[in-house]
Amino acid sequence: MSTLSAEEKYRNFIPEESRDYLEKLFAGFKNPVTIEVYTAEGGHREYNEFTLNICRAFNVMGDKIELREYAVDSEMGKKRNIITTPTVLISPDKYDIRFLGAPAGEEGRALVEALNLASKGIDNISEHTQEILDPLEEDRQIKIFASPTCPYCPGQAINAFKAAVARPDKISAWNISTLDNENMAREYNVGSVPHTDINNKVTFTGLEPEEKFMLQLLFLKPLEEVIEEQRAMKTVKTDDKDYEDIDLVIIGGGPAGMSAGIYAKRSGMSCTILEKQGVGGQVALTPKVENYPGFTQIQGFELVDILGAHAREYTDIHQFAEVSDVKYGKRIEIVTEDKTYRAKGVMLATGVNVRMLGVPGEDKFYGHGVSYCATCDGNFYKGGKAVVVGGGNTALTDALHLKHLGIETTIVHRRDQFRAEKVLQDSVEREGINIIWNSQVTEIIGDDQVESARILNKDGTETVLDTDVVFVAIGHTANTQLAEKLGCELRPDGFIKVDPTQRTSVERVYAAGDVTGGVRQIITATGQGAAAALAAFDDFTRLFDDNKDTTKNIW
C-alpha cells in the first residue's frame, strides 16, 4: 500500500476543482512571492494547522511561492510585530499585507488575490488608483474585519491590498478574521462585516467600489463629507455655467450603462456616462459571477474592471457625478454639480437599492443588530436569537442558514403564505423554524445593540419579540426619481415601464438594466443597454437634422 508524499498530501489539501485554476494562476506570477506563517503551540490549534496546510499547499503548487514558518515568539515574530496566531504575511520585505487568523472559506479567496497582487506589483494597480493615492503623505493602517462566510469581505480586503501595493511606503493592510479574533472584533465594535477601520479614526461597513475606497483612504473621512466640503469651498456659479451639447447622456455606470456607451459611440453618437458612485453597480458588489457567458466563474469586481476598460475605450465615464435635476424639452437638460448637459436624449440605468423596512431603530442599529446579509453576519449571533423579515427566496435561505448555525430563528412575514420556491418552504417546515404570519416589524428596540423587535399583527395587536439581530430580506426598490421627474410611466411594481426596444413612455428617454425590473441579470442588462443605444440612434436620425444642429418639428 503506497503512502502519499508530503508534497502530494499538501497539494491534495486543496479541493480538486480549485487545483487547476490555482496552478495556472501561480504559473503566471511575474515575481516571486514570500509567505511567512506565524503559529504557536496550544491555543488556536485547529486554526494554526489549517493555516499551515493551506500555505504549504500553495508553496508546492507554485514555483514562485516561497514559504517560511516561524513561531510567534521567535525573533522574527518580534521583528514583524506579530500580535496573534495564526498570522500570515505576504512578501513582508516589500509590503505590510497580513492575515490575522486562519484564511478559511471566503477569506481564502482574499489570500489568493493577495499573492497575485504581490507578485504582479504596481503593474496590477490601475492608473486611477495610483493617481488618487499619489498625494498621500501620512501613514494609513487599514484593518478589514472579515468572516469566512462573508462573500463580500474579499472584495473589501482586495481594495486594501491594492492600496498597500500602490503605496507600500505609507499603507498597511490587515485582514482580520472575526472567527478567531473575537476579542479584537469586540474592541473595534464590529457587528457586521466587512468592517473597515482606518487609523482607528474612521470606520465603514460593507463592500465599496475601489475608487470610493481609495478616496476615503486618502481623505480619512467618508466620501460624502469630502464632496460636501468641496462644494462648500466652491464659489457661487454665475449664468456662465458650463454647458455641453451632446447626443446621449447615460445615467448609471453599471453593465447596462457601459454597454449603452459602447453601442452609442459605435453608432456615431456623442455620449457620456454619469455615475454617482463607482462603476459596476450591483455587479461590483457581487462576490462571484458564474452565469455570464465567457466566464465560468469570475469575481464581480474583476468583471467590472473588464467592462469598464472596454467602455472607456469608447466614451468618458464620470464617476461621482450625481445628477441633481433633469428638464425635458427640445434638448433634455441633465444637471450635475459641475456641468449641465443639453442632450438629444437620455438613458436611465439607475439600478436598484436594497429595500429597507423604514422603521425606527433600523438606521441606528445597522451593523449592531440590523443586517441585510445573513451569510456575512450570522456567525456573530451563534447561540442567540434572530428575526428574519421577508417571504421570498432570500429570506427563507437566510433563515435556514441561521438555523444551521444554531441560532433560534423566527421569520416575520406580512402575508399568509411565502413567495419563495416550494423546496425552500418545505425545508423551513422540516427544520421547524418559527413563523409569524400576517405581521410586520414596526420598531427595532435596544440600547447599544438590538434587544427586541416590535411586531404589529393583522388583528391590530402588538407583540415585542426578544432578539439579538434583525435580518431584512424584503427585496429591492428601483431608483426612479429621475424617471418620475421626466414623466416616465412606471409599472405597478414601481419599476420603469419600457417597450421591447427600451423606449419609455416619454420620447427620447430610454431605460435599461435593473431599474426596468423583469429578469435582473448582468447579461440582460448589457443586452438592454445595447438595445437602448440603438433605439436612440434610430430616433435621433429621424428627429434631428445634425447639419443645422436644430431639432425637427417633433411635436
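Read the figures in this text as sums done on the coordinates, not as results from a lab. For clarity, every value in this text was computed on a predicted model and none was experimentally measured. Heads up, the Cβs are rebuilt from the backbone with ideal geometry, glycines too, and the neighbour counts pull from every protein chain shown.
Label ASN393 and GLU182 with points 7 Å out from Cα along Cα→Cβ: what is the distance between them in nm?
3.5 nm
Starting from the Cα gyration tensor of the chain, multiply each eigenvalue by 5, take the square root, and state the resulting semi-axes largest first in whole Å.
Values: eigenvalues 356, 201, 103 Å².
Working through the eigenvalues yields semi-axes of 42, 32, 23 Å.
Per DSSP helix of 4 or more residues, -39500 (n - 2.57); summed, then divided by the residues of the chain. What does that give at 222 nm, rounded to the nearest 500? Don't skip to the answer; put the middle values down first.
Numbers: 17 runs with 181 residues, N = 555.
For the chain, the value works out to -10000 deg cm²/dmol.
In nm, what is the difference between 0.36 nm times the number of residues separating ASN124 and ASN434 and their Cα-Cα distance?
Numbers: separation 310, 0.36 × 310 = 111.60 nm, distance 4.93 nm.
That works out to 106.7 nm of additional length.
Return the unpartnered cysteines for the chain, using a Cβ-Cβ cut-off of under 4.7 Å.
CYS55, CYS271, CYS488
Which whole number of Å³ per residue matches the convex hull of the alpha-carbon atoms in the stretch 370-474?
Values: hull volume 9.0 nm³, N = 105.
About 86 Å³ per residue, rounded to a whole number.
If one computes the Cα centroid of the stretch 431-461 and of the stretch 146-219, what distance in Å separates the two points?
32 Å
Just the ratio, please: alpha-carbon radius of gyration of the stretch 179-222 over 2.2 N^0.38 Å, N its number of residues.
Numbers: Rg = 11.3 Å, N = 44, 2.2 N^0.38 = 9.3 Å.
Taking the Cα Rg and dividing by 2.2 N^0.38 Å, one obtains 1.22.
Roughly speaking, what % of Cα-Cα pairs in the stretch 113-245 are separated by over 25 Å, rounded to a whole number? Can you show the working numbers first?
Working: 2857 of 8778 pairs.
Percent of Cα pairs beyond 25 Å in the stretch 113-245: 33.
What is the distance, in nm, between label points placed 7 Å from the Cα along the Cα-to-Cβ direction at ASP459 and at SER324?
Output for this residue pair reads 5.4 nm.
In square nanometres, what is the average projected area of the Cα convex hull of the stretch 6-225?
Directional mean of the projected Cα hull area for the stretch 6-225 stands at 11.8 nm².
Against the 2.2 N^0.38 Å scaling, with N counting residues, where does the stretch 412-484 land? I'd like the Cα-based Rg ratio to two decimal places.
1.36
Only counting other Cβ atoms within 10 Å, I'd like ILE523, ILE407 sorted with the fewest neighbours first.
Least to most surrounded, the residues fall as ILE523, ILE407.
Just to verify a number: FRET efficiency for LYS94 and GLU8, C-beta to C-beta distance, R0 = 25 Å, to 0.05? Show your work: numbers first, answer last.
Working: r = 31 Å, r/R0 = 1.25.
Once rounded, the FRET efficiency stands at 0.20.
Straight-line reach only, C-alpha to C-alpha below 28 angstrom: list the lysines that LYS497 could link to, leaving out same-chain residues fewer than 8 apart.
LYS265, LYS276, LYS327, LYS330, LYS344, LYS485, LYS552
Just check the stretch 1-67 against the gyration tensor rule for me: Cα atoms, a ≥ b ≥ c as the square roots of the eigenvalues, rounded for a/c under 1.5, and otherwise prolate or oblate depending on whether a/b exceeds b/c. Please report the intermediate quantities before stating the final value.
Details: a/c = 2.05, a/b = 1.23, b/c = 1.67.
Judged from the Cα gyration tensor, the stretch 1-67 comes out oblate (a/c at least 1.5, b/c at or above a/b).
If the convex hull of the alpha-carbon atoms of the stretch 473-540 is projected onto planes in all directions, what is the mean projected area in square nanometres? Before the final figure, lay out the partial values.
Numbers: hull surface 18.9 nm².
Its average projected convex-hull area is 4.7 nm².
Quick check on packing: order 305-315, 23-33, 242-252 by the mean number of other C-beta atoms within 10 Å, highest mean leading. Walk me through the numbers before you get to the answer.
Numbers: 305-315: 16.7, 23-33: 14.5, 242-252: 21.0.
Result, highest mean Cβ count within 10 Å first: 242-252, 305-315, 23-33.
For a quick size check, give me the Cα extents of the stretch 30-148 along its three principal axes, largest first, whole Å.
46, 32, 29
Which angle from 0 to 90°, rounded to the nearest 10, does the C-alpha axis of helix 422-431 make with the longest principal axis of the chain?
Tilt relative to the chain: about 40 degrees.
Taking a point 7 angstrom from the Cα of ALA71 along the C-beta vector, which residues in the stretch 40-56 have backbone N less than 12 Å away?
Under 12 Å, as judged by backbone N against the label point of ALA71, lie 40-42 of the stretch 40-56.
Give the calculated FRET efficiency between GLU41 and THR477 to the nearest 0.05, with a Förster radius of 51 Å applied to their Cβ-Cβ distance. Write out the running numbers ahead of the final one.
Details: r = 53 Å, r/R0 = 1.04.
The pair GLU41/THR477 has a calculated efficiency of 0.45.
Assuming a strict under-24 Å limit between Cα atoms, what lysine pair count do you get for the stretch 370-474 once near-sequence pairs (fewer than 8 apart, same chain) are dropped?
Details: LYS382/LYS403; LYS385/LYS403; LYS385/LYS458; LYS403/LYS422.
Counting lysine pairs in the stretch 370-474 gives 4.
Between GLU302 and HIS404, 0.36 nm times their residue separation minus their Cα-Cα distance comes to what? Provide the component values of the computation, followed by the final result.
Values: separation 102, 0.36 × 102 = 36.72 nm, distance 3.16 nm.
Net length gain for the segment: 33.6 nm.
For the residue pair GLU244 and GLN417, what label-to-label distance in nm results when each label sits 7 Å from Cα along the Cα-to-beta-carbon direction?
In this crude spin-label approximation the distance works out to 5.3 nm.
Only bridges whose two residues both fall in the chain count here: according to DSSP, what percent of them are antiparallel, nearest 5? It would help to have the intermediate numbers written out before the result.
Numbers: 44 of 97 bridges.
About 45 percent, rounded to the nearest 5.
GluC sites (Glu not before Pro) within the stretch 91-137: which are DSSP loop residues with at most 16 other Cβ atoms inside 10 Å? Display every interim value, and only then the final one.
On the way: sites: GLU106, GLU107, GLU113, GLU127, GLU131, GLU137; in loops: GLU137.
Those satisfying the criteria are GLU137.
Check the straight Cα-Cα distances from LYS120 and name the lysines below 21 Å, setting aside those fewer than 8 residues away within the same chain.
Those lysines meeting the cut-off are LYS24, LYS30, LYS64, LYS94, LYS162, LYS170.
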